[in-house]
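Read the structure below first, then the notes.
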Amino acid sequence: MTHETGAPAADATWAARAEEVAAARRTAWQLLPDGPPVLDDDALARPVRTEAGEPAQLRVLRPRPGDGHDHLALRQWNGRGTVRLLRADPAAGVLLVERTRDRDLGSLRGDETCRVLGELVAGLARPPRPPFPALSALAAEWSARLEDGTDLDARFPRRFRLQAATALRRLRRDPLDTALLPGDLVPAAVRAADRAPWLAVRARPRLATVEWALVPGLWPPGDDPRGPRPGELTDRAEALALAAGADPDRVRAWAVVRVAVAAAEQAGRPGAEPVRELGRLVRLAKALQSGA
C-alpha cells in the first residue's frame, strides 16, 4: 500500500529523514539515482545504479518493534525466492538490493496469486536459528492482550476477541518457532523479475510456522466496503495451504488471531485512520466465520 498525498505529518517527517539517510548512503556507496523514490508501508525505496552500472534499489526501512534483522534473513535466503542483498547498513536500516520490475503479484488472478505465494513461503522456510524474533514470544504477548482485552470490546466485537483468544490457546499447544520465514509477505511485496518469475522484496523475518506466514496472503486486494465475498477467505486459505503443503484450518485460525491483534493495535491510536482500519478488520473477522 503506497502512501498518498495527505499522509500524516509523522509519516512526512519520517520520509524526509529517510531521504536524508538515502542521500548519505548514495554518497558513501557511490550510487547514482535512477528514478523517483516510492514510499510504501515498508520502506522508502529509490532506484539507483551502482558504480559499475548495475541497476539496484536502495531501501530505507521503516522502524518497527522487533525488526532489524532483514539483512540477516536476506543473506540466508541468498536470492533464492527473494531479491539479492548487495550491501547493508543495519544500524541505519538501509538495504541495497537487486532491482525488480514494477509489476507485483496483485496483477494475477486470485487463485494464481495464492499458488505463487504459497509456494514462495514454503520455499523460504529455513531451519530456525537466532537472532530472529520468535513467534512463541509474540504469541505469549498476544494471548495476554486478548485474554484481558476488555478495553478493546468497545471498538471491536467481543465475540471476535474471545474467538481469537481461544484459537491462540489451541495454537500455542504445538511448537511455533519451526522455521525462519517472512513475516508479512503480501502480494504487493512480491515482484516480477528477470532471473526468476517472482521474487519477494520484503523480509520482516520471524521464527514461525508456515501457516502463520501465509496469513498476509489471505486478504483480497482493495478494500471493498462490503468486505470479502462469501467463502472467499476460505477459498484463499485452501489455495494457499495446498500450494505450501500446510493446514488450511490453522491458516484460518492464525488469521482470526492476527485480525484481533491488529484491531487491538489500532484501537489505541487516535484519529480517523484507525477508525477506518478497525472497520476493515471487523469485515475481515466476519468473513472468517464458519459459513461466511
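The values are calculated or read from the model by the stated rules, or taken from the named source; none is laboratory data. Just so it is clear, the structure is predicted and the values come from calculations on it, not from any experiment. Note: ideal-geometry Cβ built from the backbone for every residue, glycine included; neighbour counts use all protein chains shown. Heads up: the accessible areas ignore ligands, DNA and RNA and are worked out on the full protein's heavy atoms, side chains in. Shrake-Rupley method; radii C 1.70, N 1.55, O 1.52, S 1.80 Å.
Please pick out the residue among Arg145, Arg161, Arg204 that is over 26 Å from Ala243 (Cβ atoms), in contact with a Gly (Cβ under 6 Å, 6 or more places away or on another chain) and in contact (Cβ under 8 Å) with a residue 24 or more places away in the chain.
Details: Arg145 fails: in contact with a Gly (Cβ under 6 Å, 6 or more places away or on another chain); Arg204 fails: over 26 Å from Ala243 (Cβ atoms).
Criteria check complete, one pass: Arg161.
Closer than 15 Å to Ala22 by Cβ and open to solvent by 20 Å² or more (accessible area, probe 1.4 Å): is that true of Arg80 in this structure? Spell out the reasoning first.
Values: closer than 15 Å to Ala22 by Cβ: no; open to solvent by 20 Å² or more (accessible area, probe 1.4 Å): yes.
Judged against the criteria, Arg80 is not a match.
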Fill in: Exclusive hit being open to solvent by less than 30 Å² (accessible area, probe 1.4 Å), more than 18 Å from Arg159 (Cα to Cα) and either in a helix (DSSP H, G or I) or of a type in the set (Asp, Glu) (or both), set Arg276, Arg250, Arg236
Arg236
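If you take the residues in the stretch 38-57 that are open to solvent by 50 Å² or more (accessible area, probe 1.4 Å) and of a type outside the set (Gly, Ala, Ser), which one is farthest from Val186 (Cα to Cα)?
Here is the first cut: in the stretch 38-57, the residues open to solvent by 50 Å² or more (accessible area, probe 1.4 Å) are 38, 49, 51-52, 54-55.
From what is left, the residues that are of a type outside the set (Gly, Ala, Ser) are 38, 49, 51, 54-55.
Working: Val38: 17, Arg49: 27, Glu51: 32, Glu54: 27, Pro55: 24 Å.
If we take residues in the stretch 38-57 being open to solvent by 50 Å² or more (accessible area, probe 1.4 Å) and of a type outside the set (Gly, Ala, Ser), then Glu51 is farthest from Val186 (Cα to Cα).
Quick one: which of Pro175, Pro220, Pro205 is under 22 Å from Pro128 (Cβ atoms), under 20 Å from the mean Cα position of the chain (by Cα) and of a type outside the set (D, E, K, R)? Break it down into steps so the answer makes sense when it comes.
Values: Pro175 fails: under 20 Å from the mean Cα position of the chain (by Cα); Pro220 fails: under 22 Å from Pro128 (Cβ atoms).
On inspection, the qualifying residue turns out to be Pro205.
Of a type in the set (S, T, N, Q) and farther than 23 Å from Pro187 by Cα: does that describe Thr27?
Working: of a type in the set (S, T, N, Q): yes; farther than 23 Å from Pro187 by Cα: yes.
Criteria met by Thr27.
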